[in-house]
Every structure is written in structure tokens, then in C-alpha cells.
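Take a look at the structure set out below.
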């Protein structure tokens, strides 16, 4: 779904912004994987958003970690808009995005059954 | 070889702990199963995490575990008759910056099971929330704290020591709402935290 079509350039932009709104930070590959988008399109939109100062990034090893730019002049209205868009998304997806496990899991450890 | 296909995870943990104790290996249950025991919640963990506080040599641990049908596979121990796995995280036991030196025991139908105190299980989960913003860990901490409200002061001191005094304000607020609405299970607590997260965006 693409709720803010007409305002944003691409569906992947919307997904990126919602991901960063709920998770605070994210990597391009993780965002692409979560929404089932192509990594290329997510990376392309992240670069555009960074160029326009909507998001900022820092390097973590070989990866770039992105977050919404708190100094973006329209940060508050953007967050309000995204929050409104989020209300249209299915509860299950919002819950999965907001509440998924973030703590590390040792390699080789089985994944806990989900409730 | 014993068949564990109908053995509950808590009973299996007690069987393993008792068997190891009989071979002079002392273990303490930590992790998700400890959360499940204290919160009386169905958390559906499939792995048993036990810290070997007697620092047995790996070869001895492998040998003793093999006697009850568990073989090492990567970093975990697996058994053909159950999908429950056992892992031995490295000692010592610590939560946040604190070393844990005192533990307790719970009684299960299969015997005694050494386990962290409830307050340390809560601290362990809160440390995961503080360091990784892991919301499921906060939900688990709340679920245990609801059953052990007398630990609130110790938890407040822990949050302060970890530089997250404001977290206790959030915890007390969530506990108050949970109490008003009669919420105790993790699913409902997770919905409550989600509601609070969305409101704070």
C-alpha cells in the first residue's frame, strides 16, 4: 500500500520513513527486507532523502545506519503526517514493525516461536 | 534413551539441571524460560539457557549431556526426541553492570531447578531494552514485575544505576494502566506498550 501517494515520490520512500519513525534507526537492507522491497530502490530513496536532509546517516562498519533528521525544518509536521499514514496500515504490520525483537541473537540459536 | 517428546520445557530444564548436578556441574537457569516461569506466561520459548557456574570443562559437559541424549550441534545441545534445545551461555552471570552472585531454586514436578531471582530476570530484560531499545524485553520485564511488585524499588535503583531513571517513570505508568485494565499476559501488555509507543510518536 502507498498511503501518501501524491505527496511522496515513491512507495519505498513511505516505507523508509515509517520504518525510521517506529524503529528510530535502520539499515537500507533491513528496511528492504522488512517490506519485501528491492534493496536498490530503498538505497536510491535513502540517498535522495539524505540529500534533501530528511534523513541523516552514519557509518557502522561497512553499513550505513539511517534515522529521521531531527534538525529537518519540517520534522514535526512530517512526523505528524507519517503518524496519520500509519493509522491506515494494518495493525499487524504496525505491531510487527514497532514491537519486533531488536536485541542480538547469537548465531546458531533457534528462533523463539512467535506468539 | 529417554523420550522427551511429551516433557514440558520447565520439566526438561529441571531434568537437565538435576542430571548435571549429579555429575558435579552446577547450572542456573537464565533467559526466556526464567521469564516464562516467573511471569506465569506462555512465552513459547524453545530453548533452555543455563549458565554453568561450576566452570566445567567443555568435554565433561558434552559427555554428561550425551548421557541424557543431548548432543552438541553448533553452540546448542539438541536431542532427537524433542525440539527443545539447551544452551550454556558463558559464566559469570551478570545483569547490566552487576554480577549476580545469589540465585534461588524453583520446584518443578521433575525436581529442583536453580534459577535467577525474579528481580534479576527483570533487570536482565530491562538491560536489553535500555541498550537495544528491544520492546519485547520491556514487555517481558513488565510481565514479571506484575507478579513481583515488591521488586519495584530494586528495579528503580537498577534503572538509575544504568542511567535510565526515566525508564522507571514509564514502567510505573504502564503498570498502573495494566492494573486498571487487569492486563497480565504478554500479548495484552505488548498491545499496551504499542499503544503508548504510537501515542508518543
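Reported count of residues in region B:64-76, each being within 13 Å of chain A (Cβ to nearest Cβ) and either in contact with a helix residue (DSSP H, G or I) (Cβ under 7 Å, 6 or more places away or on another chain) or assigned to a strand (DSSP E or B) (or both), is 3. Considering each residue of region A:38-74, count those that are at pLDDT 95 or above and within 14 Å of chain B (Cβ to nearest Cβ), and give that number. Total meeting the criteria: 3.
Considering region B:18-38 alone, what residues qualify as being over 13 Å from residue B:116 (Cβ atoms) and in contact (Cβ under 8 Å) with a residue 12 or more places away in the chain? Talk me through it step by step, then tell me what you get.
Here is the first cut: in region B:18-38, the residues over 13 Å from residue B:116 (Cβ atoms) are B:18-26.
Those that are over 13 Å from residue B:116 (Cβ atoms) and in contact (Cβ under 8 Å) with a residue 12 or more places away in the chain: B:18, B:19, B:20, B:23, B:24, B:25, B:26.
Just to be sure, is residue A:113 in a helix (DSSP H, G or I), modelled with pLDDT under 95 and at the interface with another protein chain (Cβ under 8 Å from one of its Cβ atoms)? Answer is no for this residue. Return the residues of region B:167-180 that are without any contact (Cβ under 8 Å) to a residue 24 or more places away in the chain and within 20 Å of residue B:97 (Cα to Cα); say none if nothing qualifies. The one that is without any contact (Cβ under 8 Å) to a residue 24 or more places away in the chain and within 20 Å of residue B:97 (Cα to Cα): B:168. If the condition is being surrounded by fewer than 24 Cβ atoms within 10 Å (Cβ to Cβ) and more than 10 Å from chain A (Cβ to nearest Cβ), then region B:125-139 contributes only B:130. In the set (1) within 14 Å of chain B (Cβ to nearest Cβ); (2) in a loop (DSSP other than H, G, I, E, B), the condition left unmet by residue A:98 is number (2).
Can you tell me which of (1) part of a helix (DSSP H, G or I); (2) within 14 Å of chain A (Cβ to nearest Cβ); (3) surrounded by fewer than 18 Cβ atoms within 10 Å (Cβ to Cβ) is the one residue B:34 doesn't meet? Checking residue B:34 against (1) part of a helix (DSSP H, G or I); (2) within 14 Å of chain A (Cβ to nearest Cβ); (3) surrounded by fewer than 18 Cβ atoms within 10 Å (Cβ to Cβ), the one that fails is (3). When residue B:186 is tested against (1) over 19 Å from the mean Cα position of the chain (by Cα); (2) within 14 Å of chain A (Cβ to nearest Cβ); (3) in contact (Cβ under 8 Å) with a residue 24 or more places away in the chain, just one condition goes unmet, and that condition is (1).
The values are calculated or read from the model by the stated rules, or taken from the named source; none is laboratory data. Owing to the predicted nature of the structure, the values given are computational and were not obtained by experimental measurement. Neighbour counts run over all protein chains shown; Cβ positions are idealised from the backbone, glycine included.
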